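Notes for the one structure printed next.
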Amino acid sequence: MLPTDNIFATFGFPPDEAEELLAEADRRIGEEIALKEKLAGAVTSWMTERQLTHESAASQLGVDLSVISKVVRQHLNEFSIGDLFSMAFRTGKRFAIALH
């Protein structure tokens, strides 16, 4: 069998099902990335609104300076949604959560 970019096909799912599973996985990953970016954006906008340095923001949020630097640069792979939500929540910003 030839290698494929579809992990579901690699594991033997029928082609139609493999395509559907891959599309669903890509959709969910995209949603997670978008949510992480939105939460990181809330932290970054809070910093900008208050004219905070990275050091000051890190101190106020109780995180390491490297964490703030990664959030500002949108290097979010190592953060969970919970990590980012917790930081954004500590900024005092108001949130509305809608589940569909």
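Quick note: the coordinates plus some simple rules give every number you see, no bench work behind them. Everything numeric here is computed off the predicted structure, so don't read it as measured data. Don't worry about glycine lacking a Cβ; one is built from the backbone with ideal geometry, like all the others, and counts go over all protein chains shown.
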Run down Leu22, Leu35 and say which single residue is touching a residue at least 40 places away in the same chain (Cβ under 8 Å), under 30 Å from Thr4 (Cα atoms), assigned to a helix (DSSP H, G or I) and not small (Gly, Ala, Ser).
-> Leu35
Residue check, Ser66 surrounded by 13 or more Cβ atoms within 10 Å (Cβ to Cβ), among the small types (Gly, Ala, Ser) and without any contact (Cβ under 8 Å) to a residue 12 or more places away in the chain | no
Scanning the range 69-87 for residues that are buried (at least 17 other Cβ atoms within 10 Å of the Cβ) and within 15 Å of Glu32 (Cβ to Cβ), which turns out farthest from the chain's Cα centre (by Cα)?
-> Phe85
Hits in the range 5-40 (condition: surrounded by fewer than 13 Cβ atoms within 10 Å (Cβ to Cβ) and over 24 Å from Ala98 (Cβ atoms)) = Asp5, Ile7, Phe11, Gly12, Pro14, Pro15, Asp16, Glu17
